[in-house]
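J.: A single structure is presented below for examination.
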Amino acid sequence: MAAPQRRYRSTLPTQPALPPWEQVPDRPRVGKVRRKDHGRRRRFAALVIVPVLLMLGSVYLHTISGNLEGREAALQEELDGTRAAGERLEVEVAELSAADRVRSLARERLGMRDAGSADLEVLGEQREDGTQNEGESRGGEPRPR
């Protein structure tokens, strides 16, 4: 069993060691009092200042995030518009480079015409790969490579 605890039965509040007129009012604090103040400041910082700073940081981050989301949406719209313009340009290039259009423009503007078999002429004896050109081959074995 534990020993009984000592209890003080004082009903009067404890009095300071010196009467109030003999106490020094602006005496510098030392020892325990400074440590108590330091502990109070630390507790105040932990309970008030740190949460306030965290809340302000959170508000700041949400503001920045909202601005970035708006900017991202604007850039996405610009990207979609640019892609659509690129697709339109690809279609236009395909239409302008069609073979029948190029041939008709060559006939009209440049005075060109389609070559017939009488217009074609063999200029050299050697083919592109360096072998002899033996004229027109009809069927049979494939050409050597």
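Please treat every number below as a calculation from the coordinates, not as lab data. Treat the numbers as computed from the prediction; the structure is a model and nothing was measured. Note: ideal-geometry Cβ built from the backbone for every residue, glycine included; neighbour counts use all protein chains shown.
J.: Using +1 at the Cβ of each Lys and Arg and -1 at the Cβ of each Asp and Glu in the stretch 33-110, identify which of LEU96, GLY70, PHE44 lies farthest towards the dipole's positive end.
T.: Farthest towards the positive pole: PHE44.
J.: Could you check the simple spin-label distance between LEU105 and TYR60, using points 7 Å along Cα→Cβ, in nm with one decimal?
T.: 6.0 nm
J.: If a/c stays under 1.5 just call it rounded; otherwise compare a/b with b/c (prolate if a/b is bigger, oblate if not). Do that for the stretch 76-120, with a ≥ b ≥ c from the square roots of the Cα gyration tensor eigenvalues.
T.: Numbers: a/c = 7.35, a/b = 4.02, b/c = 1.83.
Prolate is the answer for the stretch 76-120, as a/c is 1.5 or above and a/b outweighs b/c.
J.: Let me ask another. What would the Debye formula give as log10 I(q)/I(0) at q = 0.16, 0.22 Å⁻¹ for the alpha-carbon point model of the stretch 33-110, no solvent?
T.: Result of the Debye calculation: -0.81, -0.98.
J.: Put a dot 7 Å past each Cα toward the Cβ at SER117 and GLU87; how far apart are the dots in nm?
T.: A separation of 4.7 nm, rounded to one decimal place.
J.: What does the extension gain come out to for VAL52 and ASP80, with contour length at 0.36 nm per residue minus their alpha carbon separation? Mind dumping the intermediate values first?
T.: On the way: separation 28, 0.36 × 28 = 10.08 nm, distance 4.21 nm.
Taking 0.36 nm per residue and subtracting the Cα distance, the gain is 5.9 nm.
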